[in-house]
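Asks: This is the structure I have questions about; it appears just below.
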Amino acid sequence: MHSALRELEPRYRAALRAFLEGDGDDEALQKAHEVGRQVIADGLGVLKLAMIHREFVCDLLTATPSSDRAAAMIERSMDFFHKSLSSFETTLRGFRESNQKLQNSIEQLNVSRHAVETERQRYREQFDFAPDGYFVTDLSGRIQEANVAAAVILHTEQEFLVNRPLSLFITDEDRGRFEDQLLQLEGGAIERVRNWQTIITPVVGRPFPAALTVAVVRNKEKTPIGLRWLVRDISDLKRAEAERSEFLVREKVARIEAEGARRVAFLAEASTLLAASLDSETTLRNVAHLSTPFLADWCFVYIMDDDGSIRRVAVAHADPAKADLARRLDEQEPPSVPEWVFNALVSGKAEIISDLSDNLLASSSNRDEQPGDIPDLDANSAMAVPLIARGRTLGLIVLLSAESSRIFGPADQVVAEDLARRCAFAVDNARLYGEVIIQRDKAEKASRSKDEFLAILSHELRNPLVPILGWSRILKNQSAVMSDDVLAEGIGSLERNARNIQRLVDDCLDLVRTSTRSVKLAQEHIDLNQIAVASIEASSPLGRDKGIKLDVHLETGGVWVIGDRTRLEQVVTNLLTNAIKFTPSGGSVQVRSDRTDGFARILVKDSGIGIAPNFLDQIFEPFRKGSSAWLESDSGLGLGLSIAREITELHSGKVWAESGGLGQGSTFILALPPASRAMTATEEVPEEVPDSGSPRKVDSAQQTHIRVLLVEDASDVLFLMKKELEWNGFVVYTARDGHSGLEIATREVPDLIVSDIKMPGMDGYQFMEKLREIAPLASIPAIALTGFGMERDADQARSFGYTAHMVKPVDLEQLISLITSLTRNPAA
């Protein structure tokens, strides 16, 4: 373009713009005239000016959206052009020609504009009504356009979105990554991003997952000028994916649970088999068969014996068709254990073996078999699991996968280890049970030996007590002896110490009875007041010897319980004897009965040496006396209180001690469940406790002419009992053994027989068996008088034909009473 024309063009454009805007028409025309004159003066021509006019009008029309306004603008611009050149008539024709060309250009421009508007409208419709959100942003991500779907997704109006940064709607967690992507897009590092997943935060509502696709917009020079975004809500897709994942997880969990249930059922069945028998080898064979085909095709079980040798105890195969092969392998005794089995035993750890030889049992097959009898056992995978219990390797389970092509993995190893652990415990328990049986048999044998020893000890100790107590009793009734103080004291000492020995023997036997719960209780209604009176009577001689004052306070109306009279007398007598023994001479002992706290009670309180607090419970244990101070008191084994507690517990009662400490006396309380019973006149408690020290006399008139055969191998006992029975009016025959006893019994046919049990040659049981075979002697009453004092001894005596059983040394009055009763009523 000519330089002069370039200078005139801005002036003409400014004048035309002012004219079209109606701002000073005359002034605008004046400026146009000056431009026109300058054009002509410079020789540029009207056409040049017309070209400037046309280009400017076209630019204005392009920026004018309204057709009506464009038409008015064209008309007014033509008027301006005409007036600006009206003074130059010479240029009118050129102007008209140029104007016609301009009119044609305008028409073409209108056509093009209409097409553009049509395309723009179609684009807007597609943009606004697309199902996904569309954004147009600058390179920094600031929104320039947004369609209706975008506004819907973000829960706002389209106008709100314009000029706002798109990052505003990205969550804080993803915003940093979003901005990094913008920088890469702006810098040209990347051209397009597809399915960029992020979390969108709408203006209203909860955040949702979205997939972004973004592309760079470039101009003709390929320079980035903006970004186009596609935003898609993928909540439904995510939900579907989550549901699918959850379904897959549930399906996987279901498979795992099903497999777990199968394994649990398998292990439970294995545990049942292992617990069904204490024969470990039989149960291991059953478990081996159970393990196939669940775990493997082949199962071998090896056991390590106590001497360290290893032997195979079970072989099983999953295929019943190969049961015969498995049976033959099981029946064979392999000459040696395969090396890999031995290595697994040594390591003590389960392992999956992958380096397999051609024949895993090559070293254990019996090579004496004919070729082809036992084929090679090839395997794809093997697993060896040791049997370990209490840190000791007891054997090994070997599992082989052959035909099934199964490859063992960690899950299989876990199940196999669990199975091996259960098998190990079963084997260990079986061995422990065997050891327990051995020890039990030893203990039972020792217990029998102990009982036999106690029985023999009882017999051997009681036999010498019979003449000691008997002659003491006889000599006490001799005035010539008792008038001598020294002899009288000697006789008393002999009797006291003999009775102490008798009490110790009784305590030992009672301890055995109570510890084995072999005590039989004869239950009846009993008044504890009567028990107290009988016990005081039995203990009073010991109290008189020490000068102990007995103070008795018994509950009026009776204190009733249900129990064994003899055993309860034994308990209270033990408590009384204990109190007297550990009370210094001149002290006092109180005996009281009451009904308190739902119990019927007897209390024995003494002023003795007392009990240390930490020994209150221990004194009821066998051979414990409470403290060293008790060791300084009278002798004894410390069994009385233990026996008292055992008997009390058999009566569902309790006995305990109370004491303020050493030197402050003690109180023993016997508490039993009460029983209701009305008292009769004959059951009243006497007002005064009888003196048991007076001699008991036997009415001998009733025993005249009763003939008694006495069979005893101890001459001292035989002589003494014969004299005492004769002094009481009995006719007595004697025999030193069973053979002579049978001979005398057959010849004399006595009214009653009293026989010892332990005798040389023919013992008392054999004697009675032979006796009952003789018709005239079959129904004669017989008393077993022996030192064997256990309950089973009495039962055994009756089983051999004895009518009654008495333990030496027997009370003479009781023996005479029993003889009288049996001869009057032999069936008794």
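The values are calculated or read from the model by the stated rules, or taken from the named source; none is laboratory data. Not measured: the values here are computed from a predicted model. Cβ atoms come from the backbone with ideal geometry, glycine included; neighbour counts cover every protein chain shown. Surface areas here come from the heavy atoms of the whole protein model, side chains and all, with no ligands, DNA or RNA. Shrake-Rupley method; radii C 1.70, N 1.55, O 1.52, S 1.80 Å.
Asks: Using a Cα-Cα cut-off of under 20 Å, which lysines could be cross-linked to K31, ignoring same-chain neighbours fewer than 8 residues away?
Replies: Qualifying lysines at Cα under 20 Å: K48, K83.
Asks: State the percentage of accessible surface on segment 405-497 attributable to carbon and sulfur atoms; use a 1.4 Å probe and exclude ligands, DNA and RNA.
Replies: Accessible surface attributable to carbon and sulfur in segment 405-497 totals 61 percent.
Asks: Taking N as the number of residues in segment 203-353, what is its Cα Rg relative to 2.2 N^0.38 Å?
Replies: Cα Rg divided by the expected 2.2 N^0.38 Å: 2.13.
Asks: Counting just the Cα atoms, what span does segment 142-187 cover along each of its three principal axes? Round to the nearest Å and put the largest first.
Replies: Cα extents, longest axis first: 29, 23, 15 Å.
Asks: Next up: What is the Cα centroid distance between segment 795-828 and segment 408-445, reported in whole angstrom?
Replies: Cα centroid of segment 795-828 versus Cα centroid of segment 408-445: 55 Å apart.
Asks: Accessible area per residue for segment 179-302 in Å², computed with a 1.4 Å probe and the full protein assembly in place, what is it?
Replies: Accessible area per residue, segment 179-302: 59 Å².
Asks: Right, next: Using every pair of alpha-carbon atoms in segment 231-277, split the distances into 10 Å bins beginning at 0 and state the percent of pairs per bin, rounded to integers.
Replies: Here the calculated profile for segment 231-277 is 24, 24, 19, 15, 10, 6, 2, 0.
Asks: Please list the equivalent ellipsoid semi-axes of segment 778-828, computed as the square roots of five times the alpha-carbon gyration tensor eigenvalues, in descending order and whole angstrom.
Replies: Result for segment 778-828: semi-axes of 17, 15, 7 Å.
Asks: Radius of gyration and Dmax for segment 716-762's Cα atoms, expressed in Å?
Replies: 11.0, 31
Asks: Anything over 22 Å Cα to Cα? Flag those among K758/K808; K581/K605; K476/K605; K654/K808; K442/K808; K322/K349, in the order listed.
Replies: Correct reply: K476/K605; K654/K808; K442/K808; K322/K349.
Asks: Pull out a ≥ b ≥ c, the square roots of the eigenvalues of the alpha-carbon gyration tensor of segment 730-826, then state rounded if a/c is under 1.5, prolate if not and a/b is larger than b/c, and oblate in the remaining case.
Replies: Rounded.
Asks: Extent of segment 225-310 along each principal axis, from alpha carbon coordinates, in Å, largest to smallest?
Replies: Principal-axis extents of segment 225-310 (Cα, largest first): 92, 28, 21 Å.
Asks: Dividing the convex hull volume of the alpha carbon atoms of segment 164-225 by its residue count, what do you get in Å³ per residue?
Replies: Given the Cα convex hull of segment 164-225, per-residue volume reads 86 Å³.
Asks: Here is a follow-up. How many nm separate the modelled label positions at S817 and Q439, each set 7 Å beyond the Cα in the direction of the Cβ?
Replies: 4.8
Asks: Principal axis lengths of segment 760-801 from Cα atoms, whole Å, largest first?
Replies: Answer, in whole Å and largest first: 31, 22, 14 Å.
Asks: Length gain on complete extension for the stretch K546 to Q197, per 0.36 nm per residue less the alpha carbon to alpha carbon distance?
Replies: My answer for the length gained is 114.9 nm.
Asks: Between A389 and residues 5 or more places away or on another chain, which pairs have amide H atoms under 5 Å apart, with H built 1.01 Å from N, and which residues are they?
Replies: L394
Asks: Return the distance in nm (one decimal) between the two label points of a simple spin-label model at W727 and D306, each offset 7 Å from Cα along Cα→Cβ.
Replies: Placing both labels 7 Å along Cα→Cβ, they lie 6.2 nm apart.
Asks: Still on this model: Roughly what % antiparallel, to the nearest 5, for the DSSP beta bridges in segment 535-629?
Replies: So the antiparallel bridges amount to about 60 percent of the total.
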